[in-house]
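Take a look at the following structure, please.
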Amino acid sequence: MSSRNRRTANAADMFPGMPDLLPKAPPKAEDGEHVARTLDEAIGRSNEILDVALAAHPIVGTYWLSSGGNDSAIVGHLLRGRYDAVLHVNTGTGIPATTQYVTDVAAAWGDTLHELHPKNRYEDLVLGKVIAGSGPNAGWRPIWKGFPGPAGHKVMYRQLKNEPLMRFRRETLGDQTRLPRADRKKIVYLGGMRWGESEKRFRNAEAIDPDGSIVWVSPLVHWTDAHMREYRARHRCQQDHEHAEHRLCFDGALPLNEVTEHIHMSGECLCGAYAKPGELDEIEFFYPEVAARLKALEVEAEQAGVKYCRWGQRNGDSEAAVPAGRLCSSCVAIPGQDDLIDQWRDTGLITPEQHAAFTRPAA
(Lines give C-alpha, C1' and ligand atoms only; values in the text may rest on other atoms or scores of the structure.)
Protein backbone atom coordinates (compact mmCIF):
# COMPACT_ATOMS: atom_id res chain seq x y z
CA MET A 1 0.00 0.00 0.00
CA SER A 2 1.36 3.44 -0.93
CA SER A 3 2.12 5.99 1.77
CA ARG A 4 -0.77 8.12 0.57
CA ASN A 5 -3.20 5.21 0.87
CA ARG A 6 -1.90 4.42 4.36
CA ARG A 7 -2.63 7.98 5.43
CA THR A 8 -6.22 7.82 4.16
CA ALA A 9 -7.07 4.16 4.66
CA ASN A 10 -9.52 4.87 7.48
CA ALA A 11 -11.22 7.81 5.79
CA ALA A 12 -14.10 5.69 4.51
CA ASP A 13 -14.91 4.66 8.10
CA MET A 14 -15.63 8.23 9.19
CA PHE A 15 -19.32 9.05 9.58
CA PRO A 16 -20.73 12.55 8.97
CA GLY A 17 -20.14 14.80 11.95
CA MET A 18 -17.14 12.85 13.23
CA PRO A 19 -13.72 14.50 13.54
CA ASP A 20 -10.93 13.40 11.24
CA LEU A 21 -7.24 14.19 10.71
CA LEU A 22 -4.20 12.94 8.86
CA PRO A 23 -2.29 10.29 10.84
CA LYS A 24 0.98 12.25 10.49
CA ALA A 25 1.64 15.95 11.01
CA PRO A 26 2.60 17.66 7.72
CA PRO A 27 6.12 19.14 7.86
CA LYS A 28 4.87 22.67 7.11
CA ALA A 29 1.85 22.65 9.40
CA GLU A 30 1.80 25.35 12.05
CA ASP A 31 2.08 24.41 15.71
CA GLY A 32 -1.28 23.12 16.87
CA GLU A 33 -2.53 22.68 13.31
CA HIS A 34 -2.50 18.90 13.31
CA VAL A 35 -5.68 18.22 15.28
CA ALA A 36 -8.82 16.21 14.58
CA ARG A 37 -11.67 18.35 13.28
CA THR A 38 -15.26 17.82 12.31
CA LEU A 39 -16.24 19.22 8.93
CA ASP A 40 -17.72 22.33 10.54
CA GLU A 41 -14.51 22.86 12.51
CA ALA A 42 -12.49 22.41 9.31
CA ILE A 43 -14.69 25.04 7.63
CA GLY A 44 -14.08 27.41 10.53
CA ARG A 45 -10.34 26.90 10.21
CA SER A 46 -10.53 27.60 6.46
CA ASN A 47 -12.11 30.98 7.06
CA GLU A 48 -9.57 31.66 9.79
CA ILE A 49 -6.71 30.98 7.36
CA LEU A 50 -8.05 33.60 4.97
CA ASP A 51 -8.62 36.03 7.87
CA VAL A 52 -4.98 35.68 8.93
CA ALA A 53 -3.69 36.21 5.39
CA LEU A 54 -5.80 39.33 4.89
CA ALA A 55 -4.76 40.77 8.25
CA ALA A 56 -1.05 40.11 7.79
CA HIS A 57 -0.62 41.71 4.37
CA PRO A 58 -1.75 44.89 2.56
CA ILE A 59 -4.17 43.12 0.21
CA VAL A 60 -5.89 44.93 -2.66
CA GLY A 61 -7.65 41.95 -4.20
CA THR A 62 -8.57 38.34 -3.44
CA TYR A 63 -9.04 35.97 -6.38
CA TRP A 64 -10.40 32.44 -6.54
CA LEU A 65 -8.35 30.33 -8.95
CA SER A 66 -11.03 28.19 -10.59
CA SER A 67 -9.52 25.30 -12.52
CA GLY A 68 -12.79 23.46 -13.04
CA GLY A 69 -11.74 20.67 -10.67
CA ASN A 70 -13.68 19.28 -7.73
CA ASP A 71 -11.42 20.66 -5.00
CA SER A 72 -11.36 24.06 -6.68
CA ALA A 73 -15.17 24.07 -6.69
CA ILE A 74 -15.26 23.62 -2.93
CA VAL A 75 -12.88 26.55 -2.41
CA GLY A 76 -15.15 28.86 -4.38
CA HIS A 77 -18.35 27.52 -2.85
CA LEU A 78 -17.03 27.75 0.68
CA LEU A 79 -15.68 31.29 0.31
CA ARG A 80 -18.42 32.85 -1.82
CA GLY A 81 -18.58 36.53 -0.99
CA ARG A 82 -15.02 36.60 0.31
CA TYR A 83 -13.19 36.90 -3.01
CA ASP A 84 -13.32 39.81 -5.46
CA ALA A 85 -13.29 37.88 -8.73
CA VAL A 86 -12.62 34.52 -10.37
CA LEU A 87 -9.47 33.75 -12.34
CA HIS A 88 -9.43 30.92 -14.86
CA VAL A 89 -6.30 30.18 -16.86
CA ASN A 90 -7.36 28.95 -20.28
CA THR A 91 -4.15 27.19 -21.27
CA GLY A 92 -5.36 26.59 -24.82
CA THR A 93 -4.63 22.89 -24.40
CA GLY A 94 -7.62 21.85 -22.37
CA ILE A 95 -11.18 20.68 -22.86
CA PRO A 96 -13.44 23.62 -23.81
CA ALA A 97 -16.26 22.20 -21.69
CA THR A 98 -14.21 22.94 -18.57
CA THR A 99 -13.79 26.60 -19.46
CA GLN A 100 -17.53 26.74 -20.24
CA TYR A 101 -18.27 25.24 -16.83
CA VAL A 102 -16.16 27.89 -15.09
CA THR A 103 -17.91 30.60 -17.12
CA ASP A 104 -21.37 29.24 -16.31
CA VAL A 105 -20.70 28.95 -12.56
CA ALA A 106 -19.29 32.47 -12.37
CA ALA A 107 -22.37 33.79 -14.17
CA ALA A 108 -24.75 31.81 -11.94
CA TRP A 109 -23.06 33.17 -8.82
CA GLY A 110 -22.82 36.73 -10.11
CA ASP A 111 -19.01 36.70 -9.97
CA THR A 112 -16.64 38.69 -12.15
CA LEU A 113 -14.58 36.28 -14.25
CA HIS A 114 -11.15 37.00 -15.70
CA GLU A 115 -10.27 34.38 -18.30
CA LEU A 116 -6.50 34.48 -18.71
CA HIS A 117 -4.57 33.26 -21.74
CA PRO A 118 -0.84 32.49 -22.10
CA LYS A 119 1.31 34.75 -24.22
CA ASN A 120 2.76 31.79 -26.13
CA ARG A 121 0.58 29.07 -27.60
CA TYR A 122 1.10 25.42 -26.74
CA GLU A 123 1.26 24.58 -30.45
CA ASP A 124 4.10 27.06 -30.96
CA LEU A 125 5.99 25.63 -28.01
CA VAL A 126 5.68 22.11 -29.37
CA LEU A 127 6.81 23.20 -32.83
CA GLY A 128 9.79 25.12 -31.44
CA LYS A 129 8.56 28.50 -32.62
CA VAL A 130 9.00 30.28 -29.27
CA ILE A 131 12.54 31.64 -29.18
CA ALA A 132 14.30 32.39 -25.91
CA GLY A 133 14.23 36.09 -25.06
CA SER A 134 16.98 36.09 -22.46
CA GLY A 135 19.99 34.10 -21.33
CA PRO A 136 22.68 32.47 -23.50
CA ASN A 137 20.06 31.14 -25.98
CA ALA A 138 18.35 34.50 -26.51
CA GLY A 139 17.38 35.25 -30.07
CA TRP A 140 18.28 31.96 -31.67
CA ARG A 141 17.20 28.86 -29.75
CA PRO A 142 13.66 27.67 -28.90
CA ILE A 143 12.81 27.53 -25.21
CA TRP A 144 11.30 24.09 -25.94
CA LYS A 145 10.59 21.83 -28.88
CA GLY A 146 8.41 18.73 -29.09
CA PHE A 147 5.62 17.36 -26.96
CA PRO A 148 6.77 17.58 -23.33
CA GLY A 149 7.67 14.70 -21.08
CA PRO A 150 8.57 15.10 -17.39
CA ALA A 151 11.53 17.36 -18.16
CA GLY A 152 9.25 19.73 -20.07
CA HIS A 153 6.65 20.07 -17.36
CA LYS A 154 8.38 23.02 -15.75
CA VAL A 155 8.52 24.88 -19.07
CA MET A 156 4.85 24.18 -19.81
CA TYR A 157 3.76 25.25 -16.35
CA ARG A 158 5.65 28.52 -16.58
CA GLN A 159 4.45 29.29 -20.09
CA LEU A 160 0.85 28.14 -19.92
CA LYS A 161 -0.18 28.81 -16.30
CA ASN A 162 2.33 30.88 -14.40
CA GLU A 163 2.90 33.55 -17.05
CA PRO A 164 -0.78 34.58 -17.30
CA LEU A 165 -1.09 34.75 -13.51
CA MET A 166 2.05 36.85 -13.16
CA ARG A 167 0.85 39.17 -15.92
CA PHE A 168 -2.51 39.60 -14.17
CA ARG A 169 -0.64 40.46 -10.98
CA ARG A 170 1.38 43.14 -12.78
CA GLU A 171 -1.69 44.60 -14.46
CA THR A 172 -3.59 44.66 -11.17
CA LEU A 173 -0.87 46.14 -8.96
CA GLY A 174 1.04 48.26 -11.44
CA ASP A 175 4.69 49.15 -11.07
CA GLN A 176 5.61 49.11 -7.38
CA THR A 177 9.38 48.98 -7.74
CA ARG A 178 9.83 52.60 -6.60
CA LEU A 179 7.68 52.17 -3.52
CA PRO A 180 9.16 51.26 -0.14
CA ARG A 181 8.62 47.59 0.57
CA ALA A 182 6.29 48.42 3.45
CA ASP A 183 3.99 50.29 1.05
CA ARG A 184 3.82 47.65 -1.66
CA LYS A 185 0.41 46.05 -2.08
CA LYS A 186 -0.32 42.36 -2.59
CA ILE A 187 -3.02 40.15 -4.00
CA VAL A 188 -4.33 36.81 -2.73
CA TYR A 189 -4.65 33.77 -4.97
CA LEU A 190 -7.00 31.16 -3.46
CA GLY A 191 -6.13 27.59 -4.47
CA GLY A 192 -7.25 24.10 -3.53
CA MET A 193 -4.02 22.44 -2.33
CA ARG A 194 -4.42 19.91 0.48
CA TRP A 195 -1.90 17.99 2.53
CA GLY A 196 -3.93 14.83 2.02
CA GLU A 197 -4.12 14.85 -1.78
CA SER A 198 -0.61 13.55 -2.52
CA GLU A 199 2.77 12.90 -0.95
CA LYS A 200 4.14 15.96 -2.72
CA ARG A 201 1.47 18.19 -1.21
CA PHE A 202 1.92 16.54 2.19
CA ARG A 203 5.55 17.63 2.22
CA ASN A 204 5.32 21.04 0.59
CA ALA A 205 1.90 22.67 0.94
CA GLU A 206 1.38 25.61 3.26
CA ALA A 207 -1.80 27.31 4.40
CA ILE A 208 -0.36 30.77 3.67
CA ASP A 209 2.60 31.10 1.33
CA PRO A 210 3.71 34.68 0.55
CA ASP A 211 5.70 34.97 -2.66
CA GLY A 212 6.59 38.53 -3.55
CA SER A 213 3.44 40.48 -4.28
CA ILE A 214 1.30 37.32 -4.33
CA VAL A 215 0.02 35.61 -1.20
CA TRP A 216 -0.93 32.05 -2.08
CA VAL A 217 -3.65 30.84 0.28
CA SER A 218 -4.81 27.22 0.53
CA PRO A 219 -7.94 27.30 2.70
CA LEU A 220 -8.50 23.54 2.43
CA VAL A 221 -4.94 22.54 3.21
CA HIS A 222 -5.97 20.72 6.41
CA TRP A 223 -9.03 18.95 4.98
CA THR A 224 -8.96 15.17 4.72
CA ASP A 225 -10.57 13.14 1.95
CA ALA A 226 -13.42 12.39 4.35
CA HIS A 227 -14.03 16.10 4.88
CA MET A 228 -14.19 16.58 1.12
CA ARG A 229 -16.69 13.75 0.69
CA GLU A 230 -18.88 14.98 3.51
CA TYR A 231 -18.91 18.52 2.12
CA ARG A 232 -19.93 17.27 -1.31
CA ALA A 233 -22.68 15.11 0.17
CA ARG A 234 -23.93 18.06 2.17
CA HIS A 235 -24.05 20.64 -0.61
CA ARG A 236 -24.27 18.88 -3.98
CA CYS A 237 -27.72 18.00 -5.30
CA GLN A 238 -28.44 14.33 -4.60
CA GLN A 239 -32.08 14.30 -5.68
CA ASP A 240 -33.31 11.64 -8.08
CA HIS A 241 -34.36 13.99 -10.86
CA GLU A 242 -33.06 15.58 -14.03
CA HIS A 243 -30.31 17.82 -12.72
CA ALA A 244 -29.82 21.38 -13.79
CA GLU A 245 -26.63 22.07 -15.71
CA HIS A 246 -23.58 21.51 -13.50
CA ARG A 247 -26.00 20.35 -10.75
CA LEU A 248 -26.84 23.94 -9.84
CA CYS A 249 -30.29 22.72 -8.91
CA PHE A 250 -30.89 25.13 -6.02
CA ASP A 251 -29.43 28.27 -4.56
CA GLY A 252 -26.25 27.34 -2.76
CA ALA A 253 -25.71 24.06 -4.61
CA LEU A 254 -22.14 22.87 -5.05
CA PRO A 255 -21.46 22.74 -8.80
CA LEU A 256 -20.12 19.73 -10.66
CA ASN A 257 -17.96 19.88 -13.78
CA GLU A 258 -19.17 17.02 -15.95
CA VAL A 259 -15.67 16.64 -17.41
CA THR A 260 -14.46 15.40 -14.03
CA GLU A 261 -17.07 12.64 -14.10
CA HIS A 262 -15.83 11.47 -17.50
CA ILE A 263 -12.04 11.60 -17.21
CA HIS A 264 -11.57 12.07 -13.42
CA MET A 265 -9.66 15.33 -13.77
CA SER A 266 -10.59 18.89 -14.63
CA GLY A 267 -9.05 18.76 -18.12
CA GLU A 268 -8.05 22.43 -18.05
CA CYS A 269 -4.51 21.55 -19.15
CA LEU A 270 -3.61 18.69 -21.48
CA CYS A 271 0.04 19.47 -22.09
CA GLY A 272 0.76 15.73 -21.80
CA ALA A 273 3.92 16.04 -19.72
CA TYR A 274 2.72 13.32 -17.36
CA ALA A 275 0.03 11.66 -19.44
CA LYS A 276 -0.96 8.29 -18.09
CA PRO A 277 -1.17 5.21 -20.32
CA GLY A 278 -4.26 5.31 -22.52
CA GLU A 279 -5.13 8.88 -21.54
CA LEU A 280 -5.48 10.14 -25.10
CA ASP A 281 -7.82 7.25 -25.93
CA GLU A 282 -9.93 8.15 -22.89
CA ILE A 283 -10.06 11.79 -23.97
CA GLU A 284 -10.99 10.74 -27.50
CA PHE A 285 -13.90 8.61 -26.23
CA PHE A 286 -15.57 11.52 -24.45
CA TYR A 287 -14.15 14.54 -26.31
CA PRO A 288 -13.17 13.43 -29.85
CA GLU A 289 -12.68 17.00 -31.07
CA VAL A 290 -10.02 17.59 -28.40
CA ALA A 291 -8.17 14.40 -29.29
CA ALA A 292 -8.42 15.29 -32.97
CA ARG A 293 -6.74 18.64 -32.27
CA LEU A 294 -3.85 16.93 -30.46
CA LYS A 295 -3.46 14.32 -33.19
CA ALA A 296 -3.42 17.03 -35.86
CA LEU A 297 -0.60 18.69 -33.94
CA GLU A 298 1.22 15.35 -33.86
CA VAL A 299 1.05 15.21 -37.66
CA GLU A 300 2.25 18.80 -37.97
CA ALA A 301 5.15 18.14 -35.59
CA GLU A 302 6.17 14.99 -37.46
CA GLN A 303 6.09 16.79 -40.81
CA ALA A 304 8.22 19.57 -39.34
CA GLY A 305 10.86 17.04 -38.31
CA VAL A 306 10.24 17.40 -34.57
CA LYS A 307 11.83 14.44 -32.78
CA TYR A 308 9.27 14.09 -30.00
CA CYS A 309 6.16 14.25 -32.15
CA ARG A 310 3.75 12.14 -30.11
CA TRP A 311 1.57 13.49 -27.32
CA GLY A 312 2.40 11.83 -24.00
CA GLN A 313 5.79 10.66 -25.33
CA ARG A 314 8.72 11.16 -22.96
CA ASN A 315 10.86 14.08 -24.06
CA GLY A 316 14.14 14.61 -22.25
CA ASP A 317 15.70 13.15 -19.15
CA SER A 318 13.16 12.69 -16.35
CA GLU A 319 15.92 13.41 -13.83
CA ALA A 320 15.66 17.04 -14.93
CA ALA A 321 12.02 17.23 -13.85
CA VAL A 322 11.39 19.43 -10.82
CA PRO A 323 8.29 20.64 -9.00
CA ALA A 324 6.76 23.10 -11.44
CA GLY A 325 4.16 25.01 -9.50
CA ARG A 326 1.14 25.17 -7.27
CA LEU A 327 -1.57 24.60 -9.87
CA CYS A 328 -0.72 21.11 -11.16
CA SER A 329 -2.20 18.95 -8.46
CA SER A 330 -2.10 15.72 -10.49
CA CYS A 331 1.43 16.07 -11.84
CA VAL A 332 4.35 14.01 -10.65
CA ALA A 333 6.97 15.51 -8.36
CA ILE A 334 10.75 15.25 -8.54
CA PRO A 335 12.44 11.87 -8.98
CA GLY A 336 11.96 9.74 -5.89
CA GLN A 337 8.61 11.42 -5.24
CA ASP A 338 6.62 9.98 -8.13
CA ASP A 339 3.58 9.32 -5.96
CA LEU A 340 1.08 9.65 -8.81
CA ILE A 341 2.81 6.98 -10.86
CA ASP A 342 3.00 4.80 -7.74
CA GLN A 343 -0.77 5.18 -7.36
CA TRP A 344 -1.30 4.10 -10.98
CA ARG A 345 0.73 0.95 -10.25
CA ASP A 346 -0.93 0.26 -6.89
CA THR A 347 -4.43 0.54 -8.36
CA GLY A 348 -3.60 -1.64 -11.37
CA LEU A 349 -3.80 1.18 -13.92
CA ILE A 350 -0.30 0.34 -15.12
CA THR A 351 1.81 -2.79 -14.80
CA PRO A 352 4.99 -2.98 -12.74
CA GLU A 353 6.93 -3.03 -16.02
CA GLN A 354 5.22 0.18 -17.19
CA HIS A 355 5.91 1.74 -13.79
CA ALA A 356 9.61 0.93 -14.15
CA ALA A 357 9.63 2.47 -17.63
CA PHE A 358 8.11 5.68 -16.31
CA THR A 359 10.49 6.07 -13.38
CA ARG A 360 13.84 5.16 -14.88
CA PRO A 361 15.83 7.94 -16.56
CA ALA A 362 15.23 8.34 -20.27
CA ALA A 363 17.99 7.17 -22.58
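The values are calculated or read from the model by the stated rules, or taken from the named source; none is laboratory data. Small disclaimer: the values here were computed from a predicted structure and weren't measured. Ideal geometry is used to build each Cβ from the backbone, glycine not excepted, and the neighbour counts take in all protein chains shown.
Name the residues in the range 80-98 that are under 30 Å from residue 183 (Cβ atoms) and buried (at least 19 other Cβ atoms within 10 Å of the Cβ), would you?
83, 86, 87, 89
Would you point out which residue out of 185, 200 is more than 21 Å from residue 50 (Cα to Cα), surrounded by fewer than 22 Cβ atoms within 10 Å (Cβ to Cβ), in contact with a helix residue (DSSP H, G or I) (Cβ under 7 Å, 6 or more places away or on another chain) and in contact (Cβ under 8 Å) with a residue 24 or more places away in the chain?
Only one candidate qualifies: 200.
Let me ask something additional. Can you tell me which condition residue 28 does not meet? The list is (1) over 20 Å from the mean Cα position of the chain (by Cα); (2) part of a loop (DSSP other than H, G, I, E, B); (3) modelled with pLDDT under 95, and all the others hold.
With (1) over 20 Å from the mean Cα position of the chain (by Cα); (2) part of a loop (DSSP other than H, G, I, E, B); (3) modelled with pLDDT under 95 applied to residue 28, the lone miss is (1).
Related question: Within the set of pairs 6 or more residues apart or between chains, which connect a residue that is on the phi > 0 side of the Ramachandran plot inside the range 267-284 to a residue that is acidic (Asp, Glu) with Cβ atoms less than 9 Å apart?
272/279
Considering only the range 66-135, give the helices (runs of 4 or more DSSP H) lying wholly within it that have at least 3 residues that are within 20 Å of the chain's Cα centre (by Cα).
70-78, 96-109
Looking at the range 174-186, is at least one residue assigned to a helix (DSSP H, G or I) and of a type in the set (A, V, I, L, M)?
Yes, the range 174-186 contains a residue that is assigned to a helix (DSSP H, G or I) and of a type in the set (A, V, I, L, M).
Return the pairs, sorted by first residue and then second, in which the second residue is acidic (Asp, Glu) and crowded, with 24+ Cβ neighbours inside 10 Å, the first residue lies in the range 83-105 and is closer than 17 Å to residue 260 by Cβ, the beta carbons are less than 6 Å apart, and the residues are 6+ apart or on different chains.
From residues that are closer than 17 Å to residue 260 by Cβ, the pairs are 94/268; 98/268.
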